[in-house]
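Just so it is clear, none of the values below were taken in a lab; they were calculated from the coordinates. Everything numeric in this text was worked out from a predicted model, so none of it was measured. Counting neighbours? That spans all protein chains shown, and the Cβs are built from the backbone with ideal geometry, glycine included.
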Amino acid sequence: MAEEEKHHHHLFHHKDKGEEGPVDYEKEIKHHKHLEQIGKLGTAAAGAYALHEKHDAKKDPEHAHKHKIEEEIAAATAVGAGGFALHEHHDKKDAKKEEKEAEGGHHHHHF
């Protein structure tokens with residue numbers, strides 16, 4: 001059981017970091033860029049669905065409550081997907097920074 005607790009299962013990560021050997025920064029950057037784009041697509045899709053449900057709530061007063069609930073769920077989903085896209089954007093930036101540092105010792109001078 002103790003060994004199982006050490007493993008974190010991520011939706012899109014298939015290997016543990018320790019198993020890979022040298023880091024392929026280009027692959028990592030591309031991976032985070034791809035996930036960022038998926039997050040943006042999810043944000044747009046959920047936002048569009050929220051607007052659709054808002055429209056349906058006005059057009060179908062008999063079922064307005066159901067449409068309002070679905071609108072709110074879609075809006076919350078859009079916010080979550082946007083947060084995921086932002087998270088992946090920062091992971092992509094971190095990977096680029098790590099690649100730059102690994103390539104050639106760029107030093108930051110603070111005055």
Residue by residue through the stretch 75-83, which ³J(HN,Hα) values in whole Hz follow from phi under the Karplus form 6.51 cos²θ - 1.76 cosθ + 1.60 (θ = phi - 60°), with glycine and proline marked x? 5, 5, 5, 4, 5, x, 5, x, x
Projecting each Cα onto the charge dipole of the stretch 27-100 (Lys/Arg +1, Asp/Glu -1 at the beta carbon, about the Cα centre), which of Thr77, Thr43, His63 comes out farthest on the positive side? Thr43
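Counting only C-alpha contacts under 8 Å and six or more residues apart, can you give the relative contact order of the stretch 27-100 as a whole percent?
Across the stretch 27-100, relative contact order equals 48 percent.
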Relative to the present Cα-Cα distance, how much length would full extension add between Ile73 and Leu51 at 0.36 nm per residue of separation? 6.8 nm
Using the Cα centre as the reference, give the magnitude of the dipole from point charges on the C-beta atoms of the stretch 27-100 (Lys, Arg: +1; Asp, Glu: -1; all else neutral), rounded to the nearest 20 debye. 400 debye
With x for Gly and Pro, the residue-by-residue ³J(HN,Hα) of the stretch 50-67, computed from phi through the Karplus equation 6.51 cos²θ - 1.76 cosθ + 1.60 at θ = phi - 60° and given in whole Hz, is 4, 5, 4, 5, 4, 5, 5, 5, 6, 7, 10, x, 5, 10, 4, 4, 4, 5
In square nanometres and to one decimal, what's the mean projected area of the convex hull around the Cα atoms of the stretch 27-100? 4.4 nm²
